[in-house]
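Student: Below you will find the structure I want to go over with you.
Just so you know, all these numbers are worked out from the coordinates, no wet-lab data involved. Quick caveat, the model's predicted, so the values are computed rather than measured. Reconstructed Cβ throughout: ideal geometry from the backbone, glycine too, with neighbour counts over all protein chains shown.
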Amino acid sequence: MGGMKESTEFYDLILLSPGLDAQIKLDSRITCRTALFLVIALEYGMTSAEASNPLKKILSEEDQGILKALAGEVLQRAKLQAFYEKLRKLA
């Protein structure tokens, strides 16, 4: 259990590093399949309660909101919103 605490403290330290609040613009092309994987990974990272998941423990409410908005934008641009909602209902 001590290892997980140290890991979380390590990630907290990284998030306090200078310059991490600077905004960047991304312009890339990915397949719809990759977009779907990205959204699934983001959702899993934010909701998984597994002990090996430090992301859930270090994300602030604001960070989670921003990531959810990003996931929504990815789904919208890929035209996968309805499909993703159907997948979530099946899971």
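Student: Loop-only trypsin sites (Lys or Arg not before Pro) in the chain, please: DSSP not H, G, I, E or B, and at most 10 other Cβ atoms within 10 Å. Write out the running numbers ahead of the final one.
Tutor: On the way: sites: 5, 25, 29, 33, 56, 57, 68, 77, 79, 86, 88, 89; in loops: 25, 29, 79.
Answer in residue order: 25, 29, 79.
Student: Calculate one ³J(HN,Hα) per residue across region 83-91 by plugging θ = phi - 60° into the Karplus curve 6.51 cos²θ - 1.76 cosθ + 1.60, and present them in order as whole Hz with x for glycine and proline.
Tutor: Once θ is set to phi - 60°, the couplings for region 83-91 become 4, 5, 4, 5, 4, 4, 5, 6, 6 Hz.
Student: Moving to a separate point now. If I model a spin label as a point 7 Å beyond the Cα along the Cα-Cβ vector, how far apart are those points for residue 27 and residue 48 in nm?
Tutor: 3.4 nm
Student: Which cross-chain or sequence-distant (5 or more) residues have an amide H under 5 Å from the amide H of residue 30, H modelled 1.01 Å from N in plane?
Tutor: none
Student: Taking amide H positions as placed 1.01 Å from N in the peptide plane, with prolines and chain starts having none, which residues 5 or more places from residue 80, or on another chain, fall under 5 Å of its amide H?
Tutor: Amide H to amide H, under 5 Å and 5 or more residues apart or across chains, residue 80 pairs with nothing.
Student: Ok, one more. Please name which of 38, 87, 23 has its Cα lying farthest along the dipole of the chain towards the positive end, using unit charges on Cβ (Lys, Arg +1; Asp, Glu -1) and the Cα centre as origin.
Tutor: The one lying farthest along the dipole's positive direction is 87.
Student: Where nothing but the Cβ of Lys and Arg (+1) and of Asp and Glu (-1) is charged, how large is the charge dipole of the chain around its Cα centre, in debye to the nearest 20?
Tutor: So the magnitude is around 640 debye.
Student: Extending each Cα 7 Å along its Cβ direction at residue 77 and residue 56, get the distance between those two points in nm, one decimal.
Tutor: 2.9 nm
Student: Let me ask something else. For region 61-78, in order, what is each residue's ³J(HN,Hα) by Karplus, 6.51 cos²θ - 1.76 cosθ + 1.60 with θ = phi - 60°, in whole Hz (x at glycine and Pro)?
Tutor: Per residue, the Karplus-derived 3J(HN,Hα) values read 4, 5, 4, 5, x, 5, 5, 5, 5, 4, 4, x, 5, 4, 4, 5, 5, 8 Hz.
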